[in-house]
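A short worksheet on the structure shown next.
The values are calculated or read from the model by the stated rules, or taken from the named source; none is laboratory data. Not measured: the values here are computed from a predicted model. In this analysis, Cβ positions are derived from the backbone assuming ideal geometry, glycine residues included, and neighbour counts consider all displayed protein chains. These area figures cover heavy atoms from the full protein model, side chains too; ligands, DNA and RNA do not enter into them. Shrake-Rupley method; radii C 1.70, N 1.55, O 1.52, S 1.80 Å.
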Amino acid sequence: MSLPLPFVPMIKVLFVCLGNICRSPTAQGVFEKLIAEAGLDDHIYVDSAGTSSYHVGESPDPRAQRAARKRGIDLSRQRSRQVVPGDCREFDYILAMDRDNLRALRRTCPEARDRMHLFLDFAPHLGVRDVPDPYYGGSRGFEHVLDLIEEAGRGLLEHIKRHDLNGTDGG
Ligand code: 4NP
């Protein structure tokens, strides 16, 4: 008689911004690092996408890459892609970087509303709901984006551990 295989849930997380070259690739990189540190690589899959097609196929913005690299995060292998309707079926958590992108997502995927959230709502103590678009600003904006994303990433990971992974610490 063979023993049943243990059930290993795979939770899928999609970060979404406008261009998928600044905020959502940064969120993907930060969250992948948090997951690796928690030993949860086998339980959580992460991706990112944009609501626009402006930068499809491009690498993350060099300023985003530079700021992330300073915190030990490599974004260089990511490439921008646009959200497709299939994402709405596939992902358990669809996390918009701001309210404009949440509205756009709701139009693309009305059936997935209950799986869509504002990312910063996982860090309510910050008192802000939108990750500001750093594209037209300077490098300080990218540092601020990283600070916000690191806080919300920690909150999201705790939420997923509690709600989806039975309080597991990996392993
Ligand atoms: P992201 O930033 O949405 O965080 O990737 C932007 C990137 C490009 C543009 C706007 C925002 N753009 O207008 O090209």
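So which residues in the range 62-97 are open to solvent by less than 50 Å² (accessible area, probe 1.4 Å) and in contact with a Phe, Trp or Tyr (Cβ under 7 Å, 6 or more places away or on another chain)? Correct list: Ala64, Ala67, Leu95, Ala96, Met97.
Within the range 8-113, which helices (runs of 4 or more DSSP H) (wholly inside it) include 1 or more residues that are over 22 Å from Arg140 (Cβ atoms) and of a type outside the set (Ser, Thr, Tyr)? Working first, answer last.
Numbers: elements: 23-37, 62-69, 85-90, 99-108.
The helices (runs of 4 or more DSSP H) meeting that bar are 23-37, 85-90, 99-108.
Can you spot a residue in the range 50-59 that is in contact with a strand residue (DSSP E or B) (Cβ under 8 Å, 6 or more places away or on another chain) and in contact (Cβ under 8 Å) with a residue 60 or more places away in the chain? The answer is no, given that none of the residues of the range 50-59 is in contact with a strand residue (DSSP E or B) (Cβ under 8 Å, 6 or more places away or on another chain) and in contact (Cβ under 8 Å) with a residue 60 or more places away in the chain.
Please pick out the residue among Arg154, Arg162 that is among the basic types (Lys, Arg), surrounded by 14 or more Cβ atoms within 10 Å (Cβ to Cβ) and either at pLDDT below 95 or under 24 Å from His43 (Cβ atoms) (or both).
One residue alone meets the criteria, Arg154.
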